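A short worksheet on the structure shown next.
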Amino acid sequence: MAKTRLFAPLVLRETTLRNRIVIAPMCQYSAEDGCMTDWHLAHYGQLALSGAGLLTIEATAVEPEGRISWKDVGLYSDANATAFARVLGMIRQYSDIPVAVQLAHAGRKASCDLPWRGGAQLAPEAAHGWRTVAPSALPFAASDAAPQALTREDLVRIRDAFVQAARRAEKLGLDAIQLHGAHGYLLHQFLSPLANQRDDEYGGALVNRMRFPLEVFDAVRESFPAGKPVSVRVSGTDWIDGGWTIEDTCAFARELERRGCAAVHVSSGGLAAAKIPVGPNYQVPLAAKVKAAVTIPVVAVGLITEFDQAEAILAEGSADLIALARAMLYDPRWPWHAAAHFGERVAAPSQYLRCQPQGLKDLFSL
């Protein structure tokens, strides 16, 4: 029996998480033509040994033009799948952590340079740049080239690209899929009236703006085994008047639940420049409102760094799982240290058993 909510197991469909700690997807900008590299072996190798309940692979593009940058991971080709299989095979050899992949399309926020080079959007004619697409021909920033507005035929192509990526994910043996509907990327662009100014059945009223994201969800859910979870990451708000709101998010979450969504991961922002009140727990109230609107598990994320902080969020009922991103990069053994703090047990490889500190001989479980 777990002593804490943080280390209580949770079942998503047929996948059991040993604890409520989720490693959030974090782009590494280190792929070659969408293919994972040795960097990913090192990066995901250490995270797979962290003792977390779920490992989520970074935003993985469903078509080349859907990459955030020219160095993003993709799952749009057999070569991508072969490289992905190499990394996943390494994880499976040394860890039984469930592994999810976040399938994504960046829309108008694609064609960007690497973050450590400034991250600005590259012009279509620039080396490593391309013409972006979006619900409407509205650029993310005034200095960006206007995206190409998507036609109905384009929407079918992109929906089918999500399906093909989901089928590759199943063939690889991944345990779960998360669809990226947050942070100003394509699905979020359809949801927000700030980016979606279409006058067809995919724009205008909330029901129309939700239409394409829900079509993508339905198609992916149908193409992925019923026993494996498909979740969605959302931005709870744009933090801008006239934009996507938490009330819209709750309506979207209810529709997702009705269609068989396994969980909703609540982040925020990213659609346009905004004043965001960043601080510890700043997104937790958004997760709490979504949790009150649905019965499926809700994931909280954003500047959650302390053990007692994470436990309190779960204990007060604001969320069902805690996602960590930068905190895991800084401390890949965060789950170990949390377990030690609470007197819980955490999975660890046999090769590391002898590192248990004196007085914590029951910390690790095989």
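No value in this document is a laboratory result; all are computed from the given coordinates. No experiment lies behind these values; they were computed from the predicted model shown. Here the Cβ positions follow ideal geometry from the backbone for every residue, glycine too, while neighbour counts run over all protein chains shown.
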- Note on the structure: Residue hits (region 245-292; closer than 27 Å to ALA134 by Cα, out of contact with any strand residue (DSSP E or B) (no Cβ under 8 Å at 6 or more places or on another chain) and among the small types (Gly, Ala, Ser)) are ALA251, ALA272, ALA273, ALA274
- Task: Kindly provide the set of residues from region 237-292 that are without any contact (Cβ under 8 Å) to a residue 60 or more places away in the chain, within 26 Å of ALA110 (Cα to Cα) and of a type in the set (Ser, Thr, Tyr), ordered by number.
- Result: THR237, THR245, THR249
- Message: As an exercise: evaluate THR305 against (1) surrounded by fewer than 16 Cβ atoms within 10 Å (Cβ to Cβ); (2) more than 21 Å from the chain's Cα centre (by Cα) and give the number of the one condition it does not meet.
- Response: (2)
- Task: Take region 178-218 and flag every residue that is assigned to a loop (DSSP other than H, G, I, E, B) and touching a residue at least 60 places away in the same chain (Cβ under 8 Å).
- Result: ALA182, HIS183, GLY184, TYR185, SER192, LEU194, ALA195, ASN196, GLN197, ARG198, TYR202, GLY203
- Item | Failed item in (1) in contact with a Cys (Cβ under 9 Å, 6 or more places away or on another chain); (2) under 18 Å from ASP72 (Cβ atoms); (3) of a type outside the set (Gly, Ala, Ser), with PRO229 passing the rest | (2)
- Counted residues, region 16-48 - those being in a strand (DSSP E or B) and under 20 Å from MET90 (Cβ atoms): 3
- Restricting the first residue to region 293-304 and requiring it to be assigned to a loop (DSSP other than H, G, I, E, B), which pairs with a second residue that is aromatic (Phe, Trp, Tyr) meet a Cβ separation below 9 Å and a spacing of at least six or different chains? GLY302/TYR282; LEU303/TYR282
- Pick from region 107-161, criterion among the β-branched types (Val, Ile, Thr) and touching a helix residue (DSSP H, G or I) at 6+ places or on another chain (Cβ under 8 Å), ranking: nearest to ARG211 (Cα to Cα): ILE158
